[in-house]
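What follows draws every value from the coordinates through simple rules; no lab data is involved. The structure displayed is predicted, hence computed values, not measured ones. All Cβ positions, glycine included, derive from the backbone under ideal geometry; neighbour counts span all protein chains shown.
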Amino acid sequence: MPGGISERGEGMMDRRTAILSGAASAALLSRPVRAQGDELRLLTGWDDRSEVVIQVVDPLMVALLAGAGQGMSVRRFGPETIPPFEQLDPVGRGVFDLLFTNGAYHYNQSAVAMAVEAFDVTPRTLRESGLWDYVDDHYRRFGLKLLAYLVDPNGYNLILKEPLTDTALAGRRIRGTPVYHPLIEALGGAPVVLPASEIYPALERGVVDGAAWPLVGPYGFRWFEVSRYLMRPAFGRVGYPVFISLARWEALPQAQRDGLVQAGADFERSVGAIFDAMIATEEAALVGEGMGVTRLDEARVATIATAWSEGVLGLAGQQSPDEVAEMTEIGRGAGLLP
């Protein structure tokens, strides 16, 4: 864990919050959430079992503090505070200041952030194409401003209890948020929506036969204890939008706004190397725990990129049809579709 962050369990639920100060001191706090003029309260959909929280969110907090300048602190709250799929509105209303999330987690409000994952983007092409600005403008209607959009180029995979057969996922129930549903269905599976906290017992009890997740994460959740296979190849790109409450944003001095914008842009460019290192370490650890690789047949491998992209856009278009149509034109014009 980065320097300046400490942890302690909080009650029977082991609930945790982390705080970073501009002086690089930190402590976990159990007091109720309350507004402080020099504090930014960051909400995220994952807890400390997720390596993304430890190796991406916490360094992001450090970067934002450096951008905001002296006198500001950032405190992190997780899904024990607000459930993952209900976090967009509290930040838009200013109950929290920052949100680190995935677009699929607020699909019922908007599919715009999720739709970005259909495109073959890098941090540079996301901004140069105009897609970044489009997302930023769109979420203002929810009381939010986009501060950064982090891209994990390694994408997603499936963890499975049993290896693939020549019928792929036929007859299997696979946990996945909406962004995964078209691909799961294209491979013959039946998608099941569950929060991360319920995946382990669902696999253990046979409620699901597998789970879709980014390449980073299964080890921290110890899913290797209740599943045995990693599906390859991986697919897509994982997107993590970072929003700030528009009301809080507009109340900040211009110098702090400029510092946060620069911090977000710099972190977008540097985070890919963090994801690459995390995934190399995670895959080695999973193999060390006895997990094996099960591969799609060549015919399906040849179609998986297109199936993913078209599936994400199709699903996103059901929720946000006009916006997704506009994004598709932007992405096609920039050469970002398979």
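For the reader, a short list of remarks on this structure follows.
- Taking Cα centre as origin and charging only the Cβ of basic (Lys, Arg, +1) and acidic (Asp, Glu, -1) residues, the dipole magnitude of the chain rounds to 560 debye.
- Scoring 199-205, 166-172, 231-237 by mean Cβ neighbours within 10 Å over their residues and listing the highest first yields 231-237, 199-205, 166-172.
- With contacts taken as Cα pairs under 8 Å and at least 6 residues apart, region 208-334 reaches a relative contact order of 42 percent.
- Region 212-334 - charge dipole about Cα centre, Lys and Arg +1 at Cβ, Asp and Glu -1, debye rounded to 20: 280 debye
- The mean sequence separation of alpha-carbon pairs under 8 Å and at least six residues apart, normalised by the residue count of the chain, gives a relative contact order of 23 percent.
- On Cα atoms only, tilt of 58-68 relative to the major axis of the chain in degrees: 30 degrees
- Correct option for log10 I(q)/I(0) by the Debye sum over Cα atoms at q = 0.09, 0.13, 0.15 Å⁻¹ [calculated from the coordinates] among (1) -0.63, -0.93, -1.10; (2) -0.46, -0.99, -1.32; (3) -0.71, -1.15, -1.26: (2)
- The peptide list 247-260, 92-105, put in order of mean Cβ contacts within 10 Å with the highest first, becomes 92-105, 247-260.
- Considering helices alone, the calculated mean residue ellipticity of the chain at 222 nm is -10500 deg cm²/dmol, with DSSP H runs of length four and up weighted by -39500 (n - 2.57) and normalised per residue.
- Mean Cβ neighbour count within 10 Å, used as a protection proxy, ranking 155-162, 78-85, 316-323 highest first: 155-162, 78-85, 316-323
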